[in-house]
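K.L.:
Sharing a structure with you now.
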Amino acid sequence: MLLNQFLLLAAGLFCIGVYGVLVRRSAMLVLMSIELILNAVNINLVAFGALTDDVGGSVFALFTIAVAAAEVGIGLAIVLLMYRNRRSIDLAQVDLLKG
Amino acid sequence: MLSVLAAGSVSKVSTVTHDANWFLEHAWIIPLLPAISFVVILFFGKRMPKKGAEIGITAVAISFLLALATGWSWIDHRDHVEFDAGGDESEVVDDHGDYLAPDELGNDEHAVVVDDGHSNVNDSVRLAVAAAEAGGEAEGSHPYVAVQTSTQWLQSGGVEFSAGILVDGLSVMMLLVVTLISLLVHVYSTDYVGGDRRYTHFFAFLSLFTASMLFFVLSDNILQMIVGWELVGVCSFALIGHWWEEKPNSDAALKAFLTNRVGDVGLLVGMITLFFAAGGGTTFDTITINEQIVQGQVGHTALVVAAAALTAAVMSKSGQFILHTWLPDAMAGPTPVSALIHAATMVVAGIFMVARLYPVFFEGMSIGGSSINLLSTVGAVTLVGAGLLAFVQDDIKKVLAYSTVSQLGYMAMALGVGAWTAAVFHLFTHAFFKANLFLGSGSVAHAVHSFDMKKDMGGMKKYMPRTFWTFVIGSVALAGLPPLAGFWSKDEILVGTGGWGLFGGTGGNGAYTFHLVMGMIGAALTAAYMTRCIYLTFFGRWRGGHAHDEHAHDDHAHDDHAHHGEPHESGPRILIPLYVLSGFSLVIGLVNLPPGLFSGSSKDPAGWQERFLHYIEPAGSSYFPAVAHGTPSWSLALISTGIALLGIGLAFRYYFIRVDRLSRVTGQSLTSLPNGLTTTNRLARAGHTLLVNKYYLDHLYTGIIAGFTKGPLARAAYWVNQNVLDRTVNLAGETAVRTGKVVYTKIDQGVVDGFVNRAGRASDATGQELRKINSGRVQNYATLLFAAAAILAGAFIILFAL
Amino acid sequence: MSSLLAAVSADADLMVAQNVFFALVALVMLVAAVRVVTSGNVVHAALWLVVVLAGVAVQFLFLGAEFVAVTQVLVYIGAVIVLFLFGVMLTRASMGDDESVVNERRGMSALVGVLLFAVMSLALIDSFNDDRVVIDEPQSVTTVSDSIFSQYIVPFEAVSVLLLAALIGAIVLARKD
């Protein structure tokens, strides 16, 4: 198997995740897109680990999964707060820094 | 009678010596004494017993004695100056270059003096050569040599300023005249101005004037002449305005001074021209300048300019037409002043100057050989014009003043026609008889306390016989009847015009027929107005005291003035000068008898003929032009005497016969015929009015010229100042203000500020635009972030990795 | 499954089969990912995300990382997606169609995505042209754990602490008072 197929797949996922982050108005969907990105990265890590027979790639992927989980937890807590404060999670309305 | 005198040839060697008799070399003491007396009187005069008069008289008396001694030395010098080489090596070479011994000099006419400038050539050798060159014919074998003593005052930039004296016949004559008349006037003044408020001051200025005039006549360079000229002018101003508390007097003094100033412009221009043209721009020496002109080294145009300018100076100082207006007004001064200054001495300063610088005029105006020139015409017009004016004067001094102007016209005319000796001789004789007449008028006025003939005089012969006789002698001398002084001098002037060809006379320097005619008319007028003056003053009945009273007898003494009583003869201090002067008027003419009158030659030193000419005229000298002398003739003498007698006769008939008879008939003391010519004939009345208004010259000067300058000219200048100059300045100011405004609004506000504002607005606009990036939305930021990252990464990869 | 994979990896036909399988799974993943970012319904998006996550686990298996694959399924699909769904419930995100996306954002973002993909693929193809991944045998759990607890012990502890912090933080943030 070509390395590139995995990497290109990961790149595709990454770019789709980036598109989702930029486009989506709901905070939940943005978080989901971020998950896409993280998973693309994970594929990359494991692919490189497999290329070099290094177990470190997998180990790092595990750590990434853990961090991603934590991040989703925190992110959802923030979204909850946001919902509580303004009854909406529409990111287009969050423009308090608008100058 | 037809002895022809060869025109003296002119010596090419300078006929000046620095080594002569003590009196001739030290003649500068003569002006010094009155100058010292001036200072002494100013400081100590008030304390002296006679209030300073004694200092003045002493000084002038000593000067007079010294002048006599100088005159005697001059005569001796003139007749006996010899060349005596002694043992000195002579540096005279003939045209072959051989040295000549002194006794060979007389034979060699081509001797040339080799002069290396160190006076190795002694003066006597020079004189010998001069005599040889003069041909030895004129004046015996003794040349006419002037004596010059000078010292260098300072030298600057190549120009030498020296001070010194030049003694020749002309100076000596003037010395004698000035000191004698000044002495007599001093004595006269002790009586006339006795008790005056400024007696001491008066004598101080008399001394100063005497010193100035003597200084002037002894000048050896033109710079000194200018100084002397101005000094006598100042003294004249001070003395005319002696009683300056009365405004007419101070006005008259100012008028004299300012009119003289007008002529002084000409003096300065003339002298400067001479300095540069004839003095070579280095020297002011009169002798040098004259010699240069005589030798023909000076351009003719320069001489014309100088002569014309100096003529203007003469016109003001010597009272020629049209600048004579100050002289009659100067009679506001005390009579001794008028006698001394405005008759005998100061007014002749101009004549003297012309005589001294005669080559300028002789060459500049081409006197020899023409029939009219500026100087002679001015003189001729003056003498007739002033003579006419003397007829309408009521004031006795004014009659004499116009008479002085007229006689000065004679002198100027004589100089203008080339009769140099005649002019100088007339100056000489005129001083005596005019001073005599003035002092006599002063004597009369002193008695009646007024100068008005018509109002306060008349019949004075009865009261003042001695004054009367001196006055008559003076008048006859003035009128020119032989054998008195005036006849000889006036006749010589008429001869000198050279216009007597019709009557057998020849010679002279030209054919000035017009001037001859004017001279004769003047003679008639002179005789006539003096006769009038004598009648009005001394004959008829006394009109003084209650002169305005119509009563025939005025023996009631209800007035203090009448208590003064009748006029009486003056004291000896007044009379003795009168005697002296009238005595001179009688005999002084005999010093210059024309040749041919007695047997013997004019060249005979012991003879009577032309003594004056012999001693005074610098014929044959190096600094005098070759002037021709006219031939006197009996016919001219007879005709001129006849004309004078005619004048006297006409006036005599009018006054002594008709007016006198009418006075006796009506019982009044008349001064003119009530239905005379001027009352009946309109032309005569117009002429009379013209004369009474002095040809309207005063009106011209004061009213028209001064008035124009004060009025329209001043207003025009003011207008120019306000509207042109001020407007220009204001315009400049306004333009600056307007420019400032424009710069402010357009440039400063518009461009500079606008630039700044636009820059600000631009950055503001840019900021406003850039601000839109800050949407506040995270996703926008993220978009930008990712896009930038992608682009940068792409750039890196493409540039560096591929 | 690991023995199955070990048995087929030696054969050339197995390669072809692997490649085909890979292509299928990749395609499904990509489609699902696209549906995640374009779906109007939040729940649908979450479910599509489940598909993507499952596909990722299969990719891990392809790469011989068995433990990671299992962990992925357990943690991601089992916990994270559940969390998402709880969050959807709590925030009452509309279960119907999503709000409309701002148009210019869609264009721009697509451009950015495409650009990014272009750059990355350019770099990848250029760098790892013909590198092959050869799986001799799948990674054992022993190897992974050994590595974690010896070489990467410090990051392990750090992640632990991180999880603790995240736990506490989430609780603190989401508390009602």
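K.L.:
If I ask for residues that are within 18 Å of A:Tyr19 (Cα to Cα) and of a type in the set (Gly, Ala, Ser), which ones from region B:762-792 would you list?
P.N.:
B:Ala782, B:Ala787, B:Ala788, B:Ala789, B:Ala790
K.L.:
Suppose we keep only residues that are touching a residue at least 12 places away in the same chain (Cβ under 8 Å) and more than 15 Å from the chain's Cα centre (by Cα) within region C:36-51. Which one would you say is surrounded by the most Cβ atoms within 10 Å (Cβ to Cβ)?
P.N.:
Top of the filtered list is C:Val42.
K.L.:
To continue, here is another question. Give the residues of region B:781-802 that are surrounded by 14 or more Cβ atoms within 10 Å (Cβ to Cβ) and within 8 Å of another protein chain (Cβ to nearest Cβ), sorted by residue number.
P.N.:
B:Ala782, B:Thr783, B:Phe786, B:Ala787, B:Ala789, B:Ala790, B:Ile791, B:Ala793, B:Gly794, B:Ile797
K.L.:
If the requirement is being surrounded by 24 or more Cβ atoms within 10 Å (Cβ to Cβ), assigned by TED's automatic domain parsing to the domain that holds B:Thr526 and assigned to a loop (DSSP other than H, G, I, E, B), which of these qualifies: B:Gly440, B:Gly458?
P.N.:
Just one listed residue meets the conditions, B:Gly458.
K.L.:
Looking at region A:10-20, is at least one residue more than 7 Å from chain C (Cβ to nearest Cβ), under 18 Å from the mean Cα position of the chain (by Cα), surrounded by fewer than 24 Cβ atoms within 10 Å (Cβ to Cβ) and farther than 22 Å from C:His44 by Cα?
P.N.:
no
K.L.:
Turning to a different aspect of this structure: Quick one: is B:Val743 loosely packed, with under 11 Cβ neighbours inside 10 Å and more than 14 Å from chain A (Cβ to nearest Cβ)?
P.N.:
Against the criterion (loosely packed, with under 11 Cβ neighbours inside 10 Å and more than 14 Å from chain A (Cβ to nearest Cβ)), B:Val743 does not qualify.
K.L.:
Now a separate question. Tally up the residues in region B:246-288 that are part of a loop (DSSP other than H, G, I, E, B) and exposed (fewer than 15 other Cβ atoms within 10 Å of the Cβ), please.
P.N.:
Qualifying residue count, region B:246-288: 3.
K.L.:
Okay, next question. Could you tell me whether region B:215-236 includes any residue that is over 23 Å from B:Met271 (Cα atoms) and part of a helix (DSSP H, G or I)?
P.N.:
Keep residues of region B:215-236 that are over 23 Å from B:Met271 (Cα atoms), which gives none.
No.
K.L.:
Can you find a residue in region A:69-78 that is modelled with pLDDT under 95, closer than 21 Å to C:Leu162 by Cα, out of contact with any Asp or Glu (no Cβ under 6 Å at 6 or more places or on another chain) and within 14 Å of chain B (Cβ to nearest Cβ)?
P.N.:
For region A:69-78, residues modelled with pLDDT under 95, closer than 21 Å to C:Leu162 by Cα, out of contact with any Asp or Glu (no Cβ under 6 Å at 6 or more places or on another chain) and within 14 Å of chain B (Cβ to nearest Cβ): present.
K.L.:
Would you pick out the residues in region B:20-34 that are buried (at least 20 other Cβ atoms within 10 Å of the Cβ) and aliphatic (A, V, I, L, M)?
P.N.:
Within region B:20-34, the first condition is being buried (at least 20 other Cβ atoms within 10 Å of the Cβ), and the residues that meet it are B:20, B:23-24, B:27, B:30-31, B:33-34.
Those that are buried (at least 20 other Cβ atoms within 10 Å of the Cβ) and aliphatic (A, V, I, L, M): B:Ala20, B:Leu24, B:Ala27, B:Ile30, B:Leu33.
Matching residues to (1) surrounded by 13 or more Cβ atoms within 10 Å (Cβ to Cβ); (2) more than 19 Å from B:Leu389 (Cα to Cα); (3) among the acidic types (Asp, Glu); (4) in contact with a helix residue (DSSP H, G or I) (Cβ under 6 Å, 6 or more places away or on another chain):
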{"site": "B:Arg653", "(1), (2), (3), (4)": "no, yes, no, no"}
{"site": "B:Val659", "(1), (2), (3), (4)": "yes, yes, no, no"}
{"site": "B:Ser669", "(1), (2), (3), (4)": "yes, yes, no, yes"}
{"site": "B:Thr680", "(1), (2), (3), (4)": "no, yes, no, no"}
{"site": "B:Ala684", "(1), (2), (3), (4)": "yes, no, no, yes"}
{"site": "B:Leu691", "(1), (2), (3), (4)": "yes, no, no, yes"}
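K.L.:
Could you name every one of the helices (runs of 4 or more DSSP H) located completely within region B:688-802 that has at least 3 residues being outside the structural domain of B:Gly385 (by TED's automatic domain parsing) and under 30 Å from C:Arg106 (Cα atoms)?
P.N.:
Per the criteria, B:754-771, B:778-796.
K.L.:
Please state which one of B:Ser775, B:Ser763 is within 14 Å of chain A (Cβ to nearest Cβ) and hydroxyl-bearing (Ser, Thr, Tyr). Talk me through it step by step, then tell me what you get.
P.N.:
Working: B:Ser763 fails: within 14 Å of chain A (Cβ to nearest Cβ).
After applying the criteria, what remains is B:Ser775.
K.L.:
Restricting the search to region C:118-177, which residues are under 29 Å from C:Leu14 (Cβ atoms), of a type in the set (Val, Ile, Thr) and surrounded by fewer than 15 Cβ atoms within 10 Å (Cβ to Cβ)?
P.N.:
The answer is C:Ile125, C:Val134, C:Val141, C:Thr142, C:Thr143.
K.L.:
Working carefully through the options C:Phe117, C:Phe128, find the one that is within 7 Å of another protein chain (Cβ to nearest Cβ), at pLDDT 85 or above and in contact with a Cys (Cβ under 7 Å, 6 or more places away or on another chain).
P.N.:
Only one candidate passes the filter, namely C:Phe117.
K.L.:
Would region B:269-291 turn up any residue that is under 15 Å from the mean Cα position of the chain (by Cα) and either within 30 Å of B:Gly442 (Cα to Cα) or not hydrophobic (A, V, I, L, M, F, W, C) (or both)?
P.N.:
Looking through region B:269-291, at least one residue is under 15 Å from the mean Cα position of the chain (by Cα) and either within 30 Å of B:Gly442 (Cα to Cα) or not hydrophobic (A, V, I, L, M, F, W, C) (or both).
K.L.:
Among B:Thr739, B:Thr735, B:Thr728, B:Thr671, which is of a type in the set (Val, Ile, Thr) and under 22 Å from B:Ala651 (Cα atoms)?
P.N.:
B:Thr671
K.L.:
A follow-up question, please. Can you name the condition, by its number, that B:Arg715 falls short on among (1) surrounded by 11 or more Cβ atoms within 10 Å (Cβ to Cβ); (2) within 41 Å of the chain's Cα centre (by Cα)?
P.N.:
(1) is the only condition that B:Arg715 fails.
K.L.:
If the requirement is being within 30 Å of B:Asp329 (Cβ to Cβ) and surrounded by 10 or more Cβ atoms within 10 Å (Cβ to Cβ), which of these qualifies: B:Phe755, B:Phe708?
P.N.:
Of the residues listed, the single one that is within 30 Å of B:Asp329 (Cβ to Cβ) and surrounded by 10 or more Cβ atoms within 10 Å (Cβ to Cβ) is B:Phe708.
K.L.:
Quick one: which of B:Ala256, B:Ala211, B:Ala252, B:Ala204 is among the small types (Gly, Ala, Ser), touching a helix residue (DSSP H, G or I) at 6+ places or on another chain (Cβ under 6 Å) and either without any contact (Cβ under 8 Å) to a residue 12 or more places away in the chain or within 25 Å of B:Phe161 (Cβ to Cβ) (or both)?
P.N.:
So the residue among B:Ala256, B:Ala211, B:Ala252, B:Ala204 that is among the small types (Gly, Ala, Ser), touching a helix residue (DSSP H, G or I) at 6+ places or on another chain (Cβ under 6 Å) and either without any contact (Cβ under 8 Å) to a residue 12 or more places away in the chain or within 25 Å of B:Phe161 (Cβ to Cβ) (or both) is B:Ala211.
K.L.:
Looking at the structure I just gave you, is B:Thr671 at pLDDT below 80 and assigned by TED's automatic domain parsing to the domain that holds B:Ile534?
P.N.:
yes
K.L.:
Check whether at least one residue in region A:50-59 is of a type outside the set (Lys, Arg), within 11 Å of the chain's Cα centre (by Cα) and crowded, with 24+ Cβ neighbours inside 10 Å, and report yes or no.
P.N.:
No: region A:50-59 contains no residue that is of a type outside the set (Lys, Arg), within 11 Å of the chain's Cα centre (by Cα) and crowded, with 24+ Cβ neighbours inside 10 Å.
Matching residues to (1) modelled with pLDDT of 90 or more; (2) crowded, with 24+ Cβ neighbours inside 10 Å:
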| residue | (1), (2) |
| --- | --- |
| B:Ala306 | yes, yes |
| B:Phe321 | no, no |
| B:Thr335 | yes, yes |
| B:Val347 | no, yes |
| B:Val360 | yes, yes |
| B:Val384 | yes, no |
| B:Val392 | no, no |
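K.L.:
Is it the case that C:Leu111 is more than 7 Å from every other protein chain (Cβ to nearest Cβ) and either closer than 16 Å to B:Ala782 by Cβ or touching a Ser or Thr at 6+ places or on another chain (Cβ under 8 Å) (or both)? If you could, list the steps in order and put the result at the bottom.
P.N.:
Values: more than 7 Å from every other protein chain (Cβ to nearest Cβ): yes; either closer than 16 Å to B:Ala782 by Cβ or touching a Ser or Thr at 6+ places or on another chain (Cβ under 8 Å) (or both): yes.
Yes; evaluated as a whole, the condition is true for this residue.
The values are calculated or read from the model by the stated rules, or taken from the named source; none is laboratory data. Only a predicted model underlies this, so the values are computations on that prediction, with no experimental measurement involved. Cβ sites come from the backbone with ideal geometry, for glycine too, and all protein chains shown count toward neighbours.
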